[in-house]
2 protein chains.
Amino acid sequence: MSGKEKVTIYDISKKLNVSAATVSRALNQNPKISVKTRELVAKTAAEMNYKQNRLAQALKSGRTNNIGVIVPYINRSFFSSVIRGIEEELRPHGYHVIICQSHEEVSNEVEQINTLLNTQIDCIFMSVSKTTQNSDHIKKVLEENTPLVFFDRKMEVPGVSSVVIDDFKAGFMVTEHLIKQGCTRIAHLSGESNLEIYKYRHEGYCAALEKYGLDYVPEYVIKANSKIESGIEAVTQLWDLELKPDAIFAAGDYVALGAIQELRDRNIKIPEEVCVAGFSNEPFTKYMELPITSIDQTPQLMGKIAAQVFLEQVKQNQTITIEKKVVLPPELFVRDSSDRGLK
Amino acid sequence: MSGKEKVTIYDISKKLNVSAATVSRALNQNPKISVKTRELVAKTAAEMNYKQNRLAQALKSGRTNNIGVIVPYINRSFFSSVIRGIEEELRPHGYHVIICQSHEEVSNEVEQINTLLNTQIDCIFMSVSKTTQNSDHIKKVLEENTPLVFFDRKMEVPGVSSVVIDDFKAGFMVTEHLIKQGCTRIAHLSGESNLEIYKYRHEGYCAALEKYGLDYVPEYVIKANSKIESGIEAVTQLWDLELKPDAIFAAGDYVALGAIQELRDRNIKIPEEVCVAGFSNEPFTKYMELPITSIDQTPQLMGKIAAQVFLEQVKQNQTITIEKKVVLPPELFVRDSSDRGLK
DNA sequence: TTGTAGGCGTTATCAA
DNA sequence: TTGATAACGCCTACAA
């Protein structure tokens, strides 16, 4: 019952009195085969409900048509959107996407990389964890000649491609926007880790201050950890200062949200007294009664492009590794939390 | 340079002057092997940087240790959370998770199932698309003897396990809560598709009305399509009625949000004049200035349990298929959008 | 155009 | 306890 013995090319070859090789060739559109045979094989294969075994193919060819994606958490809006982009770009080419979570721990990252390599994936896409400091495990990937593409959170490793947004520019844009709303004492709630992205956002912030002749006030720059509570704390801390800020640029939307909650608790009017902007364009930012200004990182596009970088690489001769760095433009969405109607 | 010729058990066997079979046994903790050999092999394997080839193993054993998950869209908060649950439960057992998106189209669903089966995954987890009507493609999975577990959106197919929340109860709970807030004219914005989940939520709604002696008013039940616009439209339509509702139970959070936006545009006070509740506990619901009452479906737990159902099945003798139906309790989160302080 | 044979890396069976 | 061998399903030189 159920039966379902797997049909192989041998079964087809027996039925047709040809060799398995012929069947294989017919199935693979090999030109050296008569049209008649090809059609006959195709028809019979369909009748017998033949399914090619990708595993055997993979073992033979060394290519699995599986790619791995490593992200901190798969259910963060940003990451799942990138993955969606990767999946949609790669599926038409026959690839399957395997997902792994690092939980922001390097140790997991290392382990995931190892099991992915064992499994013979054709490429690894990853956003490094906050705790990742050195790139030894990354180098292992390269040694195996497995293509690797960083997205968003990258590391500087020679030979590795990456797709990111221009975080410097994004930081600059937000800050400039706040300045144009008339703000002059702009606080920056930065990321607490040493990820490049936070560094660049901060640098963009500094550059904007400088361009518009505003002083950099060290007390206005606070490390925050992407949580709501962290935004609340930061405001508490900032409002202990003599000269309070009149704007807050948070490097993450949850931090911005926390800041807004605390400001509101203190009956501070937004955006009249204080303008607030976040980062990432989390879905909730636009649904609030007071929608929050934020930077969109075009995650789905980012995934799409990362996939394209890989596909290009595959098209090349296997041995040549190309290193491509793509920097996408950020998009600023000005919303009520910082919109005083000025340009 | 790069070198990286793959190390196989043959390389180890040559170096050690033993057979490949011995190496294989040593590596697999086969009891019929001397401790000495085992250790020697282990040490040498490590030195030579040997990595077992999961592909070859898979071809031999018929088990890939890969499982497939099919969802409408991977970047919906609910689905990515379920996937997270599945991944975290299965990874310790050595499984990798392959993700597929149906984009709410049966045709894609069919295709994904086929490629997953070709790829020899060990199990398929899925939430059917809205357009899925019959279960022919599902039956194919069973014919291949591949375990299948539905989560959230299931179909009635004999032999298939499923993990869902009690949508009937959820619908009942929400409606009862609204009634206890003093509402007597409760509208229900249902799903537009014929998915079981919407049917049950609606039935729960009906049951609550009946229990509390409220009439079922057909005009108060409107099909809506999970979008914000749909909520706006529904309210527009409802407020054309002579007797307007004093509560709205939407079967989705986005619809609830749309309803709230429209009510606010009409200067209708929430929850004083109209109570509103949604469904799914999307992240944004709790972040709003007016947080939205909603039902939490415990997606991560749902994924975890779905994975457990599969693991149990694997533990059994392969040939026996068990059909397990798990129904999880929904959790009602009462928030300001419907909280009049009554119990 | 088609067939034969060997191999991708493992593991399981049967001998030794 | 260990070794030789076949097999998983497919592809591809090489021969015919």
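The values are calculated or read from the model by the stated rules, or taken from the named source; none is laboratory data. Keep in mind the model is a prediction, meaning the values are calculated, not measured. Glycine also receives a Cβ, built like all others from the backbone with ideal geometry; neighbour counts cover every protein chain displayed.
Considering only residues that are among the hydrophobic types (A, V, I, L, M, F, W, C) and within 20 Å of residue A:143 (Cα to Cα), look in region A:312-343 and name the one that is surrounded by the fewest Cβ atoms within 10 Å (Cβ to Cβ).
Restricting to residues being among the hydrophobic types (A, V, I, L, M, F, W, C) and within 20 Å of residue A:143 (Cα to Cα), the top hit is A:320.
Do we find a residue being surrounded by fewer than 18 Cβ atoms within 10 Å (Cβ to Cβ), within 13 Å of chain B (Cβ to nearest Cβ) and of a type in the set (D, E, K, R) anywhere in region A:115-127?
Within region A:115-127 (the criterion being surrounded by fewer than 18 Cβ atoms within 10 Å (Cβ to Cβ), within 13 Å of chain B (Cβ to nearest Cβ) and of a type in the set (D, E, K, R)), the answer is no, since none of the residues qualifies.
List every residue pair whose Cβ atoms sit under 8 Å apart, with the two residues 6 or more apart in sequence or on different chains, where the first one lies in region A:236-254 and is over 28 Å from residue A:296 (Cβ atoms) and the second, anywhere, is assigned to a loop (DSSP other than H, G, I, E, B) and not hydrophobic (A, V, I, L, M, F, W, C).
Within 8 Å, the pairs are A:239/A:266; A:243/A:185; A:244/A:185.
Being within 23 Å of residue A:94 (Cα to Cα), in contact with a helix residue (DSSP H, G or I) (Cβ under 6 Å, 6 or more places away or on another chain) and more than 13 Å from DNA strand C (Cβ to nearest atom): is that true of residue A:6 here?
On the way: within 23 Å of residue A:94 (Cα to Cα): yes; in contact with a helix residue (DSSP H, G or I) (Cβ under 6 Å, 6 or more places away or on another chain): no; more than 13 Å from DNA strand C (Cβ to nearest atom): yes.
The answer is no for residue A:6.
Looking at residue B:81 and the list (1) without any contact (Cβ under 8 Å) to a residue 60 or more places away in the chain; (2) crowded, with 19+ Cβ neighbours inside 10 Å; (3) of a type in the set (Gly, Ala, Ser); (4) at the interface with chain A (Cβ under 9 Å from one of its Cβ atoms), which single condition is not satisfied?
(1)
Output the residue which, of all residues in region B:24-47 that are closer than 24 Å to residue B:60 by Cα and among the hydrophobic types (A, V, I, L, M, F, W, C), is farthest from DNA strand D (Cβ to nearest atom).
B:46
Of the residues B:286, B:269, which single one is of a type in the set (D, E, K, R) and in a helix (DSSP H, G or I)? Reasoning before the result, please.
Numbers: B:269 fails: in a helix (DSSP H, G or I).
On inspection, the qualifying residue turns out to be B:286.
Checking residue A:64 against (1) within 16 Å of DNA strand C (Cβ to nearest atom); (2) more than 8 Å from chain B (Cβ to nearest Cβ), only one condition comes out false. Which one?
For residue A:64, the exception is condition (2).
Go through region B:34-62 and count every residue that is exposed (fewer than 15 other Cβ atoms within 10 Å of the Cβ) and in contact (Cβ under 8 Å) with a residue 24 or more places away in the chain.
Of the residues in that region, 3 qualify.
Which of the helices (runs of 4 or more DSSP H) contained wholly in region A:130-231 include at least 3 residues that are modelled with pLDDT of 95 or more and surrounded by 15 or more Cβ atoms within 10 Å (Cβ to Cβ)? First the steps, then the outcome.
On the way: elements: A:136-143, A:167-180, A:196-211.
Of the helices (runs of 4 or more DSSP H) lying wholly inside region A:130-231, those with at least 3 residues that are modelled with pLDDT of 95 or more and surrounded by 15 or more Cβ atoms within 10 Å (Cβ to Cβ) span A:167-180, A:196-211.
Got a sec? Which of B:118, B:75 is free of Cβ contacts under 8 Å to residues at least 12 places away in the same chain and within 15 Å of residue A:87 (Cα to Cα)? Walk me through how you get there before you give the answer.
Working: B:118 fails: within 15 Å of residue A:87 (Cα to Cα).
The match here is B:75.
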